[in-house]
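*Asks:* Before I ask anything, here is the structure I am working with.
The values are calculated or read from the model by the stated rules, or taken from the named source; none is laboratory data. Keep in mind that this is a model prediction, so the values were computed, not measured. Note that we place each Cβ from the backbone using ideal geometry, even for glycine, and neighbour counts take in every protein chain shown.
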Amino acid sequence: MNLKKILTPLFMEEMLRPPKGRANLLAQIADAEDNGEAKIFDDVLSKVDDPKLQKMIQRHRDDEVRHGQLFRECVARTGVDPGPMPPELRALDRIDRKVGGFFSRKIEDERGVMIAYLILQVIEERALEQFALYLPIFARYDARTAEVFREVIADEERHLKYCEAISRRYAPDEDTRVAELNRLRLLEASAHLETEQANTDYAFAQGIFERPVPRIFWQTMTQWGKKSPILPLTPQARAAFAQAG
């Protein structure tokens with residue numbers, strides 16, 4: 001087990017201790033669930049002619065909108081208004097820039113459908129990893145929020161099956177799909193690293209780390225981490241690259 005894997009849960013414990021920290025994170029999750037992906041679903045639906053796949057896409061879209069509302073209700077229960085979402089904390093915007101502004105372009109062909117659902121797949125892979133980390137921490141503060149994480153995790157596991165089925169259907173061949181998926185996994189990991197660093201800077205600037213000694217410790221550790229950044233691959237990405245050799 002590497003040092004980052006040991007320290008990350010401890011860092012999150014401290015950042016989520018105050019209600020302000022929990023409200024900030026929940027607001028980011030809500031924004032990512034219902035704000036960043038809707039256009040992709042609408043564009044993909046216009047290019048998919050298989051009724052079964054259309055049903056999957058519509059349900060996927062509806063789930064994300066519902067997740068956003070559930071997480072906004074979780075924010076409200078913290079009793080803290082986190083305010084407007086700072087643009088530097090929008091992970092999907094970073095991913096969009098890494099993939100050349102794909103979210104703002106109209107999907108024109110089957111390859112576009114494949115790429116759209118591969119992008120959604122790497123987003124869902126990250127969500128599953130992160131939500132599993134957050135769930136036990138939030139369980140100590142709000143049982144309903146913990147239940148929301150459990151519900152959303154189950155949905156995201158189903159969404160991964162949608163992503164695989166739809167991307168396979170519209171890929172020209174399996175080698176192309178796998179190569180593109182792994183390329184996007186690397187880009188997503190880079191975007192996630194940048195967002196992690198922005199989140200940490202924001203948390204310190206906003207006084208979310210309330211206790212002096214832990215704050216000094218984590219400031220020191222995060223500055224050290226920036227000097228030797230480790231690309232935070234998801235478990236799926238690590239397994240895929242290990243298999244590829």
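*Asks:* Taking the options D93, D81, name whichever one is under 14 Å from the mean Cα position of the chain (by Cα), in contact (Cβ under 8 Å) with a residue 40 or more places away in the chain, surrounded by fewer than 20 Cβ atoms within 10 Å (Cβ to Cβ) and within 17 Å of I29 (Cα to Cα). Walk me through how you get there before you give the answer.
*Replies:* On the way: D81 fails: under 14 Å from the mean Cα position of the chain (by Cα).
From the options D93, D81, the qualifying one is D93.
*Asks:* Give me the residue from the stretch 117-145 that is crowded, with 18+ Cβ neighbours inside 10 Å and in contact with a Phe, Trp or Tyr (Cβ under 7 Å, 6 or more places away or on another chain) and, out of that set, nearest to L45 (Cα to Cα).
*Replies:* Result: I119.
*Asks:* Name every residue in the stretch 192-242 that is acidic (D, E), under 20 Å from D96 (Cβ atoms) and either touching a residue at least 60 places away in the same chain (Cβ under 8 Å) or surrounded by fewer than 12 Cβ atoms within 10 Å (Cβ to Cβ) (or both), in order of residue number. I'd like the intermediate steps shown before the answer.
*Replies:* Of all residues in the stretch 192-242, those acidic (D, E) come to 194, 196, 201, 210.
Checking the rest, the ones that are also under 20 Å from D96 (Cβ atoms) come to 194, 196.
Scanning the stretch 192-242 gives a single hit, E194.
*Asks:* Any idea which of (1) assigned to a helix (DSSP H, G or I); (2) closer than 22 Å to I57 by Cα; (3) touching a residue at least 60 places away in the same chain (Cβ under 8 Å) is the one P172 doesn't satisfy?
*Replies:* For P172, the exception is condition (1).
*Asks:* Determine whether L45 is free of Cβ contacts under 8 Å to residues at least 24 places away in the same chain, out of contact with any Phe, Trp or Tyr (no Cβ under 9 Å at 6 or more places or on another chain) and over 26 Å from E194 (Cα atoms).
*Replies:* Details: free of Cβ contacts under 8 Å to residues at least 24 places away in the same chain: yes; out of contact with any Phe, Trp or Tyr (no Cβ under 9 Å at 6 or more places or on another chain): yes; over 26 Å from E194 (Cα atoms): yes.
The answer is yes for L45.
*Asks:* I need the full set of residues from the stretch 16-68 which are under 17 Å from the mean Cα position of the chain (by Cα) and small (G, A, S), in order please.
*Replies:* Within the stretch 16-68, A23, A27, A30, A32, G36, A38, G68 meet the criteria.
*Asks:* Restricted to the stretch 201-228, and to residues that are assigned to a loop (DSSP other than H, G, I, E, B) and in contact with a helix residue (DSSP H, G or I) (Cβ under 6 Å, 6 or more places away or on another chain), which residue is nearest to K20 (Cα to Cα)?
*Replies:* So the first thing to find is which residues in the stretch 201-228 are assigned to a loop (DSSP other than H, G, I, E, B), and the list is 206-211, 228.
Then drop every residue that is not in contact with a helix residue (DSSP H, G or I) (Cβ under 6 Å, 6 or more places away or on another chain), which leaves 208-209.
Numbers: I208: 6, F209: 10 Å.
Ranking the candidates gives I208 first.
*Asks:* For the stretch 98-124, give me each residue that is modelled with pLDDT of 90 or more, not in a helix (DSSP H, G or I) and not small (G, A, S).
*Replies:* Within the stretch 98-124, just V99 meets the criteria.
*Asks:* In the stretch 63-97, what count of residues is obtained for those that are in contact with a helix residue (DSSP H, G or I) (Cβ under 9 Å, 6 or more places away or on another chain) and either among the charged types (D, E, K, R) or outside any helix (DSSP H, G or I) (or both)?
*Replies:* So the answer is 19.
*Asks:* Restricting the search to the stretch 6-15, which residues are under 19 Å from the mean Cα position of the chain (by Cα) and not hydroxyl-bearing (S, T, Y)? Break it down stepwise before answering.
*Replies:* Start the filter on the stretch 6-15 by keeping residues that are under 19 Å from the mean Cα position of the chain (by Cα), which leaves 8-9, 11-13, 15.
If the condition is that a residue be under 19 Å from the mean Cα position of the chain (by Cα) and not hydroxyl-bearing (S, T, Y), then P9, F11, M12, E13, M15 are the ones that fit.
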